[in-house]
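> This is the structure I want to talk about, given as structure tokens.
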Amino acid sequence: MNFQTLDWVILFLYLGLSVFIGVWAKKYVENMEGYFVAGRRVKVALGTATLIATEIGIVTFMYLGELGYVTGFACFWLGLNGVIGYLVIGKTGFIVSALRRLKVITIPEFYELRFDKRVRLLGGILLFLGGVLNMGVFLKMDGLFLTEAMGFGPDVLTAVMIVMLLIVISYTVLGGMFSVVVTDFMQFVVLSFGMLVATIFTLGHVSLIDIATAVTTNFGDAGVNPIVNPRFGWTFLIWILVASVGTSALNQPATTKSLASENPEAGRKVFLFAGITLAGRYIIPMFWGAAALAMFGPGLNPTTAMPRLLGAVVPSGFLGLMVAGMLAASMSTYSAYLLAWSSVATRDIIGPLSKKELNEKTTILFSRIISTLIGIFILVFGLWYEIPATAFQYIAITGAMYAAGAFGCVAFGLYWKKANAVGAYSSLALGAFAPLAFLVLDQIKNSLPQGMLWLVDVNISGFLSFFLAALGMVLGSLLTQKSHPPIPLQPTKDEEGNRS
Amino acid sequence: MNGSSLFWIIVFALAALLFFGTAIVITAVGIRDLKDLLRKSETKKQSST
């Protein structure tokens, strides 16, 4: 067992402090806007910390570490690719500034402003389903990390998962975005320190030359060149580049952090500064995975190789700090995701279906109930679902289920005057089709005829989802301009009272 | 170590430096932002009750 008494003390202190601060921050929630977007008073540095904390979780460390173990340095390209997406948004304000200016809380709210209420309902359902499925594997990956790094067997996996979930649900449900922002900041500091500890001890045990040798020995050119690596190739690189530019601003949990900013300019800068750190956020865990390859060789389960390395190289005391850092990363991700998906379910699905408008108190109550239900779902889902392809690709494909359609609706809705409701329906439906087909057909791939096997190629499916979403919007809109004239966006007043 | 491996190791070093460097700055400025957020929220809540 790697975990000693001192590590447990550190871990319990950290968990206790998280719950205390999260519940304490509840007192600052004054209304619905306070609950969902912290009253839109978040400044740039705090917004950046909370956005980064949202996007880093144990699950990201796990799937990035897994990629490092199975592809060597070739996957490092994904870090540079992500930087491109964030910097484009951060420099231009693409999507985020416009959404913040419109003062929406969720992405489907924009659909009603630009298209109609039914598009909002369909968009809300797809966003919710894709988002919750996307989140479904988080807990399992977290449990695997903790059991490997702490040195317990898989028997305690369920218990670890339940404890983690209970802590996160408790403060997210009570304090909404205020608790999320305050705990995110603390978690950002702790997780950064945890990453530093893990990197220093990894480099202390495995030299750079050993890692480079392991990569080239095991993978040859495929270990350093993503184009020739069989897990990537051109299709994957193009899909992931389009996705990172087009949809980085359309990931509801992350976008909410920008929408909570004090003004549209701050919302843009949050993405700019988060983008500067993105290469590190991706490449550091990938590097740990490559180091696991050098230390243990290629025979391990790729998912658990990286946490096993960290459990082996980080000494007691520091291990407690590192695990606290990893837990911090996960808790901030869960809290943001629970809040984001419950707000979509409440405001964009239950709201439009209700005969009378929900008041603020009922909206918050529904959101709290749905957060709890999502928590129960991901626990059950995490226990039985077997992930197809790599975890990274599963998360990317379930993300594409809602992000591709959202890209079609929001990007075209904001920047193309001819976009209309029919185009929006087509975009949402076609954008979700390829990823859904992949997830269903992958379960029966052994009985598929040869001609249909391309449908279970995760990279083709992801690429197709964006292509079809854009095609659906353009064709659907152009063919129905007369029967469904586009609804122009109404100018809104900004904080200074100017029309924009 | 071949040229490609060296390139990716340099990329890793730069990415890590940028991440940890930015994290220090964000932490320092973020503390001020957090205090500001809580102070404003306290004032707003008191004025609304």
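> Which residues of region A:266-296 bury at least 20 Å² of accessible area once all protein chains are present, versus their chain alone (1.4 Å probe)?
For region A:266-296, once contacts with the other chains are taken into account, A:Ile276, A:Thr277, A:Gly280, A:Ile283, A:Ile284, A:Phe287 lose 20 Å² or more.
> Before rounding to the nearest 500, sum -39500 (n - 2.57) across all DSSP H runs of length at least 4 in chain A and divide by the residue total; then give [θ] at 222 nm in deg cm²/dmol. Can you show the working numbers first?
Details: 21 runs with 358 residues, N = 500.
The helix contribution divided over chain A gives -24000 deg cm²/dmol.
> Whole-Hz ³J(HN,Hα) for each residue in region A:198-203, computed from phi via Karplus 6.51 cos²θ - 1.76 cosθ + 1.60 with θ = phi - 60°, x for glycine and proline: what do you get?
4, 5, 4, 6, 5, 5
> Could you name every residue in region A:64-82 that has 10 Å² or more less accessible surface in the full protein assembly than in its own chain alone (probe 1.4 Å, ligands and nucleic acids excluded)?
For region A:64-82, once contacts with the other chains are taken into account, A:Phe73, A:Phe76, A:Trp77, A:Leu80 lose 10 Å² or more.
> Spelling out what I want: for every residue of region A:184-195, take phi, set θ = phi - 60°, compute 6.51 cos²θ - 1.76 cosθ + 1.60 (Karplus), and round to whole Hz; glycine and proline get x.
Those phi angles translate into 4, 4, 4, 5, 4, 5, 5, 5, 5, 5, x, 5 Hz.
> Can I ask one more? Could you give the length gained by full extension between A:Leu471 and A:Lys355, i.e. 0.36 nm per residue of separation minus their alpha carbon distance, to one decimal place? Mind dumping the intermediate values first?
On the way: separation 116, 0.36 × 116 = 41.76 nm, distance 3.44 nm.
Full-extension gain reported as 38.3 nm.
> At 0.36 nm per residue, minus the direct Cα-Cα distance, what do A:Ile376 and A:Trp24 gain on full extension? Give it in nm, one decimal, please.
Values: separation 352, 0.36 × 352 = 126.72 nm, distance 2.44 nm.
Here the segment from A:Ile376 to A:Trp24 would lengthen by 124.3 nm.
> Taking the 0 to 90 degree range and rounding to the nearest ten, how far is the long axis of helix A:138-150 tilted relative to the main principal axis of chain A, both from C-alpha atoms?
Around 20 degrees separate the two axes.
> What are the ³J(HN,Hα) couplings of region A:40-47, residue after residue, when phi is run through the Karplus curve with 6.51, -1.76, 1.60 and θ = phi - 60°? Round to Hz, x for glycine and proline.
6, 10, 8, 8, 4, 5, 5, x
> Over the heavy atoms of B:Ile26, what accessible area does a 1.4 Å probe trace out, to the nearest 10 Å²?
Roll a 1.4 Å probe over it and B:Ile26 shows about 10 Å².
> Also: Quick check: the angle from helix A:264-296's long axis to the longest principal axis of chain A, C-alpha only, nearest 10 degrees?
Its long axis makes an angle of about 30 degrees.
> Tell me the angle of helix A:208-219 to the major Cα principal axis of chain A, expressed in degrees between 0 and 90 and rounded to the nearest ten.
70
> Further, regarding this structure: For a quick check: with amide H placed at 1.01 Å from N, whose amide H comes under 5 Å from A:Val228's, ignoring anything fewer than 5 positions away on the same chain?
Counting only residues 5 or more places away or on other chains, the set is empty.
> Kindly sort A:Met331, A:Met452 by accessible area of their heavy atoms, largest first, with the probe set to 1.4 Å. It would help to have the intermediate numbers written out before the result.
On the way: A:Met331 5, A:Met452 75 Å².
Solvent-accessible surface, decreasing: A:Met452, A:Met331.
> Assuming R0 = 41 Å, what is the FRET efficiency of A:Asp210 and A:Val440, from their Cβ-Cβ distance, to the nearest 0.05? All intermediate terms of the calculation are to be shown ahead of the outcome.
Numbers: r = 43 Å, r/R0 = 1.05.
According to the calculation, E is roughly 0.45.
> Same structure again: At A:Asp457 and A:Leu300, where each label point lies 7 Å from the Cα along Cα→Cβ, what is the point-to-point distance in nanometres?
Here the modelled spin labels are 3.2 nm apart.
> Another question, then. Could you list which residues have their amide H under 5 Å from that of A:Gly317, counting only those 5 or more apart in sequence or on another chain, with H placed in the peptide plane?
HN-HN under 5 Å from A:Gly317: A:Gln4, A:Asp7.
> Under the rule of at least 5 residues apart or a separate chain, name every residue whose amide H is placed under 5 Å from the amide H of A:Leu448.
For A:Leu448, whose amide H was placed from the backbone, there are no distant partners under 5 Å.
> Next question. Return the FRET efficiency for the residue pair B:Leu18, A:Lys418: r is the Cβ-Cβ distance, R0 is 60 Å, and the value is rounded to the nearest 0.05. Mind dumping the intermediate values first?
Numbers: r = 41 Å, r/R0 = 0.68.
According to the calculation, E is roughly 0.90.
> So with the 1.4 Å probe, I'd like the accessible area per residue for the protein assembly as shown, rounded to whole Å². Please report the intermediate quantities before stating the final value.
On the way: 20590 Å² over 549 residues.
Solvent-accessible surface per residue comes out at 38 Å².
The values are calculated or read from the model by the stated rules, or taken from the named source; none is laboratory data. No experiment lies behind these values; they were computed from the predicted model shown. Every residue, glycine as well, gets a Cβ built from its backbone with ideal geometry; the counts of neighbours run over all protein chains shown. Note: areas computed on protein heavy atoms with side chains; ligands, DNA, RNA excluded. Shrake-Rupley method; radii C 1.70, N 1.55, O 1.52, S 1.80 Å.
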